[in-house]
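All remarks here apply to the structure that follows.
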């Protein structure tokens, strides 16, 4: 049952081969069996899930149909869920239950999807390994000594281990694509503005974007379809019709122009990973695509720019956590400063504090121009590189991550090395483009991802390009042992 | 040494929108604590701001009214600081690109001259909540109902040279925002308040002295007092060999002193940066034109029209146009008073203003409606009542005894205009005062007043004085 | 550009209202310096005349109609508040 695709589940539910309650119970059992090793969920919502499943069965019985109706999903614990704790992986929000739903949550409720629980993540989505979570590391199902990637590591791990058929994620610098790559699944981050950020706890507002995880491009398209769309409550949401993301899946790739940025195949890239990626690109050539070398000259600056812009925004976004209205409050504050310093000092973990401090410094008097303004200028240069490139090519391909999964603890004391693991994904967020990662092979039995970058609003094309690859190969059908 | 005072004002006008600047919660004043603070106002995780169109329109009205350039592109920025009444840990404001640019405003000085005050900018921002300190022991209580109320912060140039000028400027802005109906101007409720930047320098010196910022003053009287106190303090300090510190000070109306606010001073690094949750506000000429079409006649235009059309003095016209309600009252009086502008002006600025002031009433609360005053003026003009009778009549109307004609009747104020009756009074007075008649005839012209006075007394003030005058002259010459 | 010492780290932590202990300050200083070194690669780029980019899309702010659409939800909001009394959020006394 756990190997069924969304489309297969949907058909089976319609034909009453099994009910949503049965399916949901099956996944809850799997979570119960396996998640003690993986730690991919912060909260499992058994009762609510079965209630939602029952309601979905009722809707199906009344003749209603919908691709996600009665389909279980795992929800990243960054999306607010009324009545269910939303922790954002932080001690700060360990006691926080939002009195409202994120727009994404509302949309999934309307679609009749069944929430299995809230998935583990790096604290406030700051991390590339899921080691910064207040709730402990998530393990990679391919080898539990390894990280699943981050920050949406819980979602990726859960989907890879078949604890959920699909999951939501958010991506600020690679937080969907990198864990998808490291866990051997498919993940898509749409164009900035495609998915409403309302009720999605902010890390860096101008970079954050919600998206989907699944085992295949086809399924990822279904989940993205449900959560995409204009929302009046988010000023940065785009008022633009959402196309049918599945309509073009079967389009042949003959004549597709693929750009390979030479800067993404340079020093720092693991040789074995490069081999896997080159093989995947050969496969695309077999499918009729044309490969063109391109240059994104400013892309090497993505990491520096990102580590100014994201911390600056986060330092301000996280100021609201002060122990006054909700969230962690220190015990017996003696005065106002004590309340602030201790509540925030205790509530935030080290990585979050590091980033708040970097951001505070970058915005402070005397440094604004040298750091923040400069970063915003280079951000435009990086974005312009892509605009230029997309005049020549339809999509851009690269490795998602410079290496396969690393060991838990291997990089956790060295922030800079950790940051460099997002070197290929960050530019996409700075420019606001859609990006995807699909399984492309293995290195030492650990999955390797291929990143596909599209031009603005090009999600349908990305999903098509990914789907065609998945029709010709079966990397995405590999699954970790024991699941 | 002779000192010169330099003052610049930052006025915060709450915009009269129904909902908040970035949320759909109500801005109504006086609700139970925190019942009008929604998730956005409370700074809950994940919620986002969306800009209120009316706040933009109102700011645009103000910009157009002071002849400033309204920006085609303005940007919201975050001002970062921690304070319990600031739920997000930052205030959404405008920094580098405000919605209203450089403009100016003319104020009237007490000596009748006018002075132009420069306005540096006006920008949109959100208000903070309120902290309550009473009755909670060692704690303060935070009410966030006001958080997110739209404010227009109007920043002046340091162009004012006395507390009186500062008050005149503040009153002028107050009148303007009410003319434009973009702020209710209610100072008790804090809808209109100001911070004053005050410094002193030796007369003739070009450089400004170090300034202190006086925070949150919410009455015209307090502005004047606070500035004067601060000026005295600074001069005394410098003359004693000290230095003025650049700091924020609070005016304490009860103790009538200003004192340093150390808590707001430390680590004053606001780390402004463009708010990534909001996009640039872009406005076009068509929008400006549509807003312009809705502007009312502005105070200065009205003042000049009053001077020209009604032949009123600059002083009278500026008093009458000091508020939109007063000007409208005056024009309504005129309609009922056959355009007797000078008389109407004297009554509105004289007796009516005095009564309103005495009873601490607003023009809109006047028991004497403009039509009533207008009709009374007609009765003065047509001779039905004398000036003295008019005062009685006005009093009657104020006390609710009816309109002019009713009061004239009730109080028996009608002038005697019957020549025969007046002649009888005159004859009686002449007969009773032979000695004075002799003196008058001998050339003591000033006795005319005596005779008129006696006649008026006899008639209990109801004889028409002009008629009496003529008759006395006729009879004795 | 500049290298952060412990004192600066403490100053930043103060500005950000974060309690950090003395021993941690030097670890933070070292790590933050590492990040700043990475960031300083930006210095090599000539950005004269380049318009800063604050948002991925060059769009303008959408305006909302001035309408009240929120009702009183104090009870549900304050259910999760650390300390309230008479509808007010309580904090240690604010001294002005």
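The table below gives the values:
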read-out: Pairs where the first residue, in the range A:327-344, is more than 7 Å from chain C (Cβ to nearest Cβ) and the second is in a loop (DSSP other than H, G, I, E, B), C-beta under 6 Å, 6+ apart; value: A:327/A:96; A:327/A:321; A:343/A:323; A:343/A:328; A:343/A:329; A:343/A:330
read-out: Residue selected from the range C:66-78 under the condition more than 26 Å from the chain's Cα centre (by Cα) and facing chain A (nearest Cβ under 10 Å), by the criterion surrounded by the most Cβ atoms within 10 Å (Cβ to Cβ); value: C:73
read-out: Inter-residue pairs, beta-carbon under 9 Å, first within 7 Å of chain A (Cβ to nearest Cβ) and on the phi > 0 side of the Ramachandran plot and in the range C:28-41, second assigned to a helix (DSSP H, G or I) and modelled with pLDDT of 95 or more, 6+ apart; value: none
read-out: Any hit, the range A:15-27, residues being within 14 Å of another protein chain (Cβ to nearest Cβ) and either in contact (Cβ under 8 Å) with a residue 12 or more places away in the chain or within 15 Å of residue A:166 (Cα to Cα) (or both); value: no
read-out: Residue match in the range B:2-15 (condition: part of a loop (DSSP other than H, G, I, E, B), at pLDDT below 95 and over 21 Å from the mean Cα position of the chain (by Cα)); value: yes
read-out: Tally of residues being surrounded by fewer than 12 Cβ atoms within 10 Å (Cβ to Cβ) and either closer than 24 Å to residue A:335 by Cβ or facing chain A (nearest Cβ under 7 Å) (or both) across the range C:1-23; value: 4
read-out: Single residue of A:205, A:235, A:212 found to be under 22 Å from residue A:177 (Cα atoms), in a loop (DSSP other than H, G, I, E, B) and modelled with pLDDT of 95 or more; value: A:205
read-out: Unmet requirement for residue B:232, which otherwise passes all of (1) buried (at least 17 other Cβ atoms within 10 Å of the Cβ); (2) modelled with pLDDT of 90 or more; (3) assigned by TED's automatic domain parsing to the domain that holds residue B:85; value: (1)
read-out: Qualifying positions in the range C:87-96 - in a loop (DSSP other than H, G, I, E, B) and either touching a helix residue (DSSP H, G or I) at 6+ places or on another chain (Cβ under 7 Å) or more than 7 Å from chain B (Cβ to nearest Cβ) (or both); value: C:87, C:94, C:95, C:96
read-out: Single unsatisfied condition, residue B:77 versus (1) within 11 Å of chain A (Cβ to nearest Cβ); (2) touching a helix residue (DSSP H, G or I) at 6+ places or on another chain (Cβ under 9 Å); (3) not in a loop (DSSP other than H, G, I, E, B); value: (2)
read-out: Subset of the range B:84-119 [touching a residue at least 12 places away in the same chain (Cβ under 8 Å), part of a loop (DSSP other than H, G, I, E, B) and out of contact with any helix residue (DSSP H, G or I) (no Cβ under 8 Å at 6 or more places or on another chain)]; value: B:85, B:86, B:95, B:96, B:97, B:98, B:102
read-out: Hey, residue B:174 in the same structural domain as residue B:92 (by TED's automatic domain parsing) and surrounded by fewer than 17 Cβ atoms within 10 Å (Cβ to Cβ) or not; value: no
read-out: Index of the failed condition, residue B:395 passing every other in (1) within 26 Å of residue B:456 (Cα to Cα); (2) not in a helix (DSSP H, G or I); value: (2)
read-out: Test: residue in the range A:163-181 that is at positive phi and under 14 Å from the mean Cα position of the chain (by Cα); value: yes
read-out: Close pairs from the range B:457-471: first at positive phi and modelled with pLDDT under 80, partner assigned to a helix (DSSP H, G or I) and surrounded by 21 or more Cβ atoms within 10 Å (Cβ to Cβ), Cβ under 9 Å, at least 6 apart; value: B:461/B:389
read-out: From B:23, B:71, B:53, B:19, residue being over 23 Å from the mean Cα position of the chain (by Cα) and free of Cβ contacts under 8 Å to residues at least 24 places away in the same chain; value: B:53
read-out: Test for residue A:373: is it touching a strand residue (DSSP E or B) at 6+ places or on another chain (Cβ under 7 Å), within 7 Å of another protein chain (Cβ to nearest Cβ), surrounded by fewer than 24 Cβ atoms within 10 Å (Cβ to Cβ) and free of Cβ contacts under 8 Å to residues at least 40 places away in the same chain; value: no
read-out: Conditions (1) within 14 Å of chain B (Cβ to nearest Cβ); (2) in contact with a strand residue (DSSP E or B) (Cβ under 8 Å, 6 or more places away or on another chain); (3) touching a residue at least 60 places away in the same chain (Cβ under 8 Å); number of the one not met by residue A:152; value: (1)
read-out: Hits in the range A:471-483 - residues which are surrounded by fewer than 20 Cβ atoms within 10 Å (Cβ to Cβ), farther than 18 Å from residue A:38 by Cα and touching a helix residue (DSSP H, G or I) at 6+ places or on another chain (Cβ under 9 Å); value: A:472, A:473, A:477
read-out: Residue count for the range A:401-424, restricted to those that are out of contact with any strand residue (DSSP E or B) (no Cβ under 6 Å at 6 or more places or on another chain), more than 16 Å from residue A:148 (Cα to Cα) and assigned to a loop (DSSP other than H, G, I, E, B); value: 3
read-out: Residue list for the range C:2-51, filter: in a helix (DSSP H, G or I) and under 21 Å from residue B:268 (Cα atoms); value: C:6, C:7, C:8, C:9, C:10, C:11, C:12, C:13, C:14, C:15
read-out: Residue check, residue B:228 out of contact with any strand residue (DSSP E or B) (no Cβ under 7 Å at 6 or more places or on another chain) and either away from every other protein chain (no Cβ under 14 Å) or outside any strand (DSSP E or B) (or both); value: yes
read-out: Top-ranked residue in the range A:75-117 [being more than 21 Å from the chain's Cα centre (by Cα) and on the phi > 0 side of the Ramachandran plot; ranked as surrounded by the fewest Cβ atoms within 10 Å (Cβ to Cβ)]; value: A:83
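The values are calculated or read from the model by the stated rules, or taken from the named source; none is laboratory data. Keep in mind the model is a prediction, meaning the values are calculated, not measured. Heads up, the Cβs are rebuilt from the backbone with ideal geometry, glycines too, and the neighbour counts pull from every protein chain shown.
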